[in-house]
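The values are calculated or read from the model by the stated rules, or taken from the named source; none is laboratory data. Only a predicted model underlies this, so the values are computations on that prediction, with no experimental measurement involved. Counting neighbours? That spans all protein chains shown, and the Cβs are built from the backbone with ideal geometry, glycine included. When the accessible area is computed, the model is the full protein with side chains, heavy atoms only, and any ligands, DNA or RNA have been set aside. Shrake-Rupley method; radii C 1.70, N 1.55, O 1.52, S 1.80 Å.
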Amino acid sequence: MGVNFNFSRNHYLLLGIVCGFLFSYYSPHDYAEYVAECPEVTEHTDMLSTLEHNNEFEPQLNLEQKPMIAKKLVKNIIRPRYYYSELGIREKLFVGVLTTTENVDTFATAINRTAAHLVNKIKFFIHADNVKSNFNLKNIVGFTDTREHLRPFHMLKYLADNYLDEYDFFLLLMDTTYVNARTVRRQLQHLSVTLDVYMGTNLAESSFGDGTNEEAARNEYCDLHAGIILSSGVIRKIRANLDWCVRNSASNNYSSNIGKCVKYSTKIKSCHQSWQGIDIASYHLNSYKIYRDFHLIAKDDRFNSAAMVYPVTSTDDFYLLHAYFSRMHLKQNSDIKRTLLEDAMQISNGTLSNDILEVRWPLGVPKSNPPESRHDVVPWILLNTTHSFMWNSEVNVQRLSAVDEEDMRNVLNKTILEATRNNPDAEFRGIHTAYKRFDAVRGMDYRLLLNFYDRKLRKMVQKSFEVIKPISLIEIVPSPYVTESTRVAMLLPTFENQVLETEQFFESYEKTCMDSQDNTFLMLIFLYRAETPSKGDEDVFLPLKNIALALTEKHKQDGSRVAWVSIRLPVEVSSKVGNDNRYYSSFYGPHALMSFAAVDLALRKIGLESLVMLCSNAASFRPDFLNRVRMNTIQGFQVYSPIGFMMYPCEWTGLCKPCENCDVGQSSGYFDRANYDVLSFYSNDYVFARKQLEQTLPIVRSDRDIVNLLAINATQPVNSDTITNIVDLFTKSNSKIHVLRAIEPNLRYGRSISNFLSNDQYGEQFSKLHCSDETERRQCIRIASKKQIGDVFVQYSKQFENREVV
């Protein structure tokens, strides 16, 4: 009997799952037996399993058959210092002139004066067999090889070895050739520097040859007398074939030797007078004499467009040609400038305003920057040909300096000339008003309203003009190197009535300089009266001497010390020194020349290489001020005269709030321009200037010479040439010392007048002080601002009116 099994689709699925489960259950877990023929994989598998169990990674380096040192060392890239070196930017033109020792002081010097400032570099090549060492011309190169036919090759080798990578083109010529350098440079700007250039005038056309030049003319070489232009690529190829050129130079014809060398080295067959549409022409004078036939030569268009003129047989002819071509160049520039101005002003044909297009007069000069506040407004100053009016808040009328007066005359003459050119019937009669303003962005602006008589209309008319002298050339003045570590020797003159101020100066000096170990040295200059004792307990300066000794002993380890020198004043000056001089901003009072006596006698104790700062006992300063003194005082170059801030005696007047450490402001004081008490200079600069003006201002070598110093100044009238202080000494001497005078907020004055008024509560003594004339009035101290004094007048006037009403 048979059994029938009927399986459905579900039975097959269930059977497959069971078989798969049984297979996976009984299969081995060690895969190594299946990969035994691959040992590398097995080791890697074992390592991975080990890492999985230990959780530690230990890298191993396989260094077998590998070099321990890199085969190729990595080099650091060294970049050039300047961009033009890295980019390969070169200068445009080098000029080399073949000359002789006899012509160095004549023709060569004339070429140097007419072309050196217009080209990038110029050199003169001569024989060095009998070279003099006292030539006025310094850019000379001498060759010891005296063989005449090798001179051009020595020059080419020198150029290739020294200047090949610095210039694009080289102009070679003889010392009888005038070069119109402006034309040559303008034409070379349009030539490509990547191609080989061999330009000049063909020897066959130059009419400068004789029978020896037949070969050169036949081969169409360039004439050296007319100038030969070679590119740097040609010079490079000549250097590679220079030996061949020397062996095949048989004649003494420079043009032929250079041309043959160029032809062999560069395969350039002939001389090119025109290249890439650029023509550099020359003009041969033939039998013309410039001094005689110049009026005929000037009519020739070939002469006017020539870049080189030859042969020139006189040094005067060089200068005459240079003057003529310079005038032509100036006229061409003027025409081009006029055309550009007309085109620029009409660029929009009226469709757009010039303000939108930023087209303004004069073209190329920027407009003034708008002021950020009312304090930044640049004022217009009213003036005439001799004086200026209200040029600052302190002076109503000021005499123009010699420079400003000459400048005003030149501006006026130029304006009158322009007015008469536009209107020939106008006749100048005078100035109605004139204003000027200096803008650091634009330059000097003038606005003139002038009176003219119109002969055609037969009446007076007024015409308005605007004149500007733009800032065209800005130069960076080179300055010697200075540091902030220079030792400052401070000189402090002191009169007998200023002991209290000097004690206060000691206190601030110790805190500012000695405690901070600043590199300074203080020397007191005691100015005794003729009858005052200077020794013992009766010495008026004994307290100051004791303080000086105490400070020196206290800071002895730091190297800081205080010394003093005594000066006995003559009887004529002793009677005039007192509290009556407290009204002056300078502590010297009306005896400003006493500063010369103090410095002359004190410098002998210091030395000639010291940085000296002449100080005032009425002044106080901060450490930043001493650093500016060191940076702004340069030996043999510059002295520094700071304009300090004069503090109002607020405690006495009650019109302002006293504050010594506050920022400067109009309500607390003003910058005293008339005070020259503080000045820094180097000793040897002072001595040099002093010796130059010794006849005007005698040098004080002892106390007895002070009378001579003051006597000479008393007999001279006060004018612009009068020397009243040390700043005038440097400005009026023939030394090349600059005087830097600038405001210094960290230098404060006002201690002297505050001490004087502290003992004068009701102003009885102060009311006795006065400034007699206008000159002295500028040197007097102001105790309050004009606004503060005006407020007081208004307040008291109202009180007075109220009393009258009552």
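Mind checking which lysines have their Cα closer than 24 Å to the Cα of LYS736? Skip sequence neighbours fewer than 8 apart in that chain.
In chain and number order, the partners are LYS691.
Magnitude of the Cβ-charge dipole of region 589-733, K/R +1 and D/E -1, about the Cα centre, nearest 20 debye? Walk me through the intermediate numbers first.
Working: 12 positive and 14 negative charges, 51 e Å.
Using only the charged Cβ atoms, the result is roughly 240 debye.
Which of the pairs LYS367/LYS732; LYS511/LYS605; LYS92/LYS289; LYS92/LYS331; LYS469/LYS787; LYS138/LYS299 have their Cα atoms more than 28 Å apart in this structure? Walk me through the numbers before you get to the answer.
Working: LYS367/LYS732 37 Å; LYS511/LYS605 25 Å; LYS92/LYS289 33 Å; LYS92/LYS331 25 Å; LYS469/LYS787 37 Å; LYS138/LYS299 37 Å.
Beyond 28 Å: LYS367/LYS732; LYS92/LYS289; LYS469/LYS787; LYS138/LYS299.
Probe radius 1.4 Å, ligands and nucleic acids ignored: give me the carbon and sulfur share of the accessible area of region 92-171 as a rounded percent.
Numbers: 1410 of 3350 Å².
Using a 1.4 Å probe with all protein chains present, region 92-171 comes out at 42 percent carbon and sulfur.
Calculate what fraction, in whole %, of the accessible area of region 488-771 sits on carbon and sulfur atoms when a 1.4 Å probe is rolled over the protein chains.
49 percent
Just the number please: accessible area per residue for region 372-525, 1.4 Å probe, all protein chains included, in Å².
On the way: 9130 Å² over 154 residues.
The answer is 59 Å² per residue.
Using a 1.4 Å probe, what is the accessible area per residue for region 216-273, in Å²? Write down the numbers at each step before the final one.
On the way: 2380 Å² over 58 residues.
With the other protein chains kept in place, region 216-273 gives 41 Å² per residue.
Roughly how many percent of the accessible protein surface of region 381-470 is carbon and sulfur, given a 1.4 Å probe and a whole-percent answer? Working shown, then result.
Details: 2830 of 5460 Å².
Roughly 52 percent of what the probe reaches on region 381-470 is carbon or sulfur.
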